[in-house]
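The values are calculated or read from the model by the stated rules, or taken from the named source; none is laboratory data. Here the structure is a predicted model, which means the values were calculated and not measured. Note that each Cβ is placed from the backbone with ideal geometry, even for glycine, and that neighbours are counted across all protein chains shown.
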Amino acid sequence: MKKILLPLVLAMLVLLPTLSRDEDLWSAAESKTRAIAGLLEESYYKPLEEEALAVASIKGTLDTLDPHSYFLDPSSFSRMREDYTGKYYGVGLQIQKQGDNIVVIAPIEGGPSYRLGIQPGDVISRINGESTAPISSYDAMQKLRGEKGTKVTITFAREGAGKPFDLTITREEIPLLSVPYAFVLDGGVGYIYVRNFGEETPRELEDALAKLTAQGMKSLLLDLRLNTGGALAASIEISDLFLPKGSLIVSTKGRNPAFDREFRAYTDDQYEKLPLVILIDQGTASASEIVSGAVMDHDRGLVVGEDSWGKGLVQQVFSLAPDMAVALTVAKYLTPSGRSIQRDYSQLDEYLMSKRAPENTREVRYTDHGRKVLGQGGITPDYPVESNLKPLTARLRVSGTFFAYARKLVQHQTDLGRKLVLPQEPKETGPAAAGKIQIGATFVVNDAVVTDFRKYLESRQVATEEPAFREAEPEIRRELEREIAGAIWGLDIGIKVARESDPVVMKAIEVLPEAAKLLDTVK
């Protein structure tokens, strides 16, 4: 019984003191645990593995609490540390599952794969001799990562290269940037995308802001879409960049008074007078909602997009071993107006589907200047803009069709592609220039490109119904512009091109003058 009792009591010892100080409850739980352990030891039909039982016990306990308390096994614990520290050990590839293939989207500049000449569009067919056909892109990523200095053998298939080829690559430290894109759009509008909140995110954001300021930035779009959050400390530092000294950023309240705290801006003379619009969607959660809520509640800027996720709970990580931990919810957080943005999770399936909370169930609070804001359902934007793709567009994107066509086009392997002369290629002169199309500093998807794309779909036997294609055509053109620009000039330029025609970005630019007027009354 001692062998079985140990992991069960261990699980209880880790969790129960954080949940209750009631000695009677502790005694009752210990008694029940001993009874269950005895029953398992004496009556279960086969021997039990102690560590697996301890893990299952902890997970089972956490599952009864809330959707955001969870167990970190060695794999997930490692991933959490990578996200927080902003680095990992691997081969430096951005990959995506396209059909049965794991496709290289881009090698990370300066990384080992980049130096070995791996190209966008290369297919990873095997990792250490095992086929990648049945695994997800996440599983492939996990196989490509590992300890620094260890090696992994990857089989690549490259169109036009004949047989697949093997490369044995030594894993190195790869930066995992949380601020991957920052550029200036027309009119001095700065755009910065923040992927997550980690240890280095405030410094990365400050560097991006300084760079864009030097390039003539006059206003800022801070894109927090699909940002699922991260470190509370990082969200406070980032909010402080835009809020006057002394402004309340967020407060936390727990059953244990040790977790009751207020966090305020502590520095002035940063970017408090920069017109600001924040972009959010249903993937915006946790720390990114703290930033959005602080900016909104102080009338410091405007928020555009879709209702955010609605995660208003704070987790603290309790270590169980060097490579295992528990992330336990210890408090809820409140935005400066005093609202909790946590959505109801009593119906877990609905919660995980990220459905919008009914407005009549949400508490009402008010910003510094008396604007109504809602709780219990994430951050509701000042200007809603839906960004869901049409079904056909989504299907073509997930299958990698836009990406694959763009590679074919710039490699002169389609009817239109054979006529193109790319910026990096010698200009055609004399009779050879007849019928050629010289690409300048930009690429616009016109009717000829759409026709060529449709021929490509037919050649690949990709079925599209005419009404569905016409309905999705504006989105399809935007997708093609992004992928073709990325194929010609690189991934960063492709992202910039996509943002210039992004409906959410366009709306954010439209309301920037209103955001600028808010600065006249910021406390």
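So, of the residues in region 42-77 that are closer than 30 Å to residue 310 by Cβ and among the aliphatic types (A, V, I, L, M), which turns out to be surrounded by the fewest Cβ atoms within 10 Å (Cβ to Cβ)?
65
Checking residue 258 against (1) in contact (Cβ under 8 Å) with a residue 12 or more places away in the chain; (2) part of a helix (DSSP H, G or I), only one condition comes out false. Which one?
With respect to (1) in contact (Cβ under 8 Å) with a residue 12 or more places away in the chain; (2) part of a helix (DSSP H, G or I), residue 258 is out only on (1).
Determine which member of the set 393, 367, 414, 361 is of a type in the set (Ser, Thr, Tyr), under 30 Å from residue 342 (Cβ atoms) and touching an Asp or Glu at 6+ places or on another chain (Cβ under 6 Å). Write out each step before concluding.
Numbers: 393 fails: under 30 Å from residue 342 (Cβ atoms); 414 fails: under 30 Å from residue 342 (Cβ atoms); 361 fails: touching an Asp or Glu at 6+ places or on another chain (Cβ under 6 Å).
367 is the lone residue from the list that is of a type in the set (Ser, Thr, Tyr), under 30 Å from residue 342 (Cβ atoms) and touching an Asp or Glu at 6+ places or on another chain (Cβ under 6 Å).
Scan region 286-312 for residues that are hydrophobic (A, V, I, L, M, F, W, C) and at pLDDT below 95 and report the count. Talk me through it step by step, then tell me what you get.
The initial filter retains those residues of region 286-312 that are hydrophobic (A, V, I, L, M, F, W, C), namely 287, 290-291, 294-296, 302-304, 309.
Going one step further and asking which of them are at pLDDT below 95, we end up with 309.
The total comes to 1.
If a residue has to be touching a strand residue (DSSP E or B) at 6+ places or on another chain (Cβ under 6 Å) and not in a helix (DSSP H, G or I) to count, how many in region 290-323 make the cut?
14
Out of 400, 338, 370, 378, I need the residue that is at positive phi and in the same structural domain as residue 454 (by TED's automatic domain parsing). Which one? Quick ask: steps written out before the conclusion?
On the way: 338 fails: in the same structural domain as residue 454 (by TED's automatic domain parsing); 370 fails: in the same structural domain as residue 454 (by TED's automatic domain parsing); 378 fails: in the same structural domain as residue 454 (by TED's automatic domain parsing).
Just a single option satisfies the conditions, and that option is 400.
Hey, does region 243-255 have a residue that's out of contact with any strand residue (DSSP E or B) (no Cβ under 6 Å at 6 or more places or on another chain) and among the hydrophobic types (A, V, I, L, M, F, W, C)?
Yes, the conditions are met somewhere in region 243-255.
For region 345-360, enumerate the residues that are surrounded by 14 or more Cβ atoms within 10 Å (Cβ to Cβ) and in contact (Cβ under 8 Å) with a residue 24 or more places away in the chain.
Applying the first criterion (surrounded by 14 or more Cβ atoms within 10 Å (Cβ to Cβ)) to region 345-360 yields 345, 351, 354-355, 357.
Of everything in region 345-360, those that are surrounded by 14 or more Cβ atoms within 10 Å (Cβ to Cβ) and in contact (Cβ under 8 Å) with a residue 24 or more places away in the chain turn out to be 345, 351, 354, 357.
Output the qualifying pairs, or none if there are none: Cβ atoms under 8 angstrom, residues six or more apart or on different chains, first residue in region 178-202 and without any contact (Cβ under 8 Å) to a residue 60 or more places away in the chain and closer than 11 Å to residue 230 by Cα, second residue in a loop (DSSP other than H, G, I, E, B) and among the aliphatic types (A, V, I, L, M).
195/177; 195/179; 195/226
If you check residue 510 against the conditions, is it among the charged types (D, E, K, R), loosely packed, with under 15 Cβ neighbours inside 10 Å and not assigned by TED's automatic domain parsing to the domain that holds residue 193? Please lay out each step first, then the result.
Values: among the charged types (D, E, K, R): yes; loosely packed, with under 15 Cβ neighbours inside 10 Å: yes; not assigned by TED's automatic domain parsing to the domain that holds residue 193: yes.
Considered against the rule, which asks whether it is among the charged types (D, E, K, R), loosely packed, with under 15 Cβ neighbours inside 10 Å and not assigned by TED's automatic domain parsing to the domain that holds residue 193, residue 510 comes out as yes.
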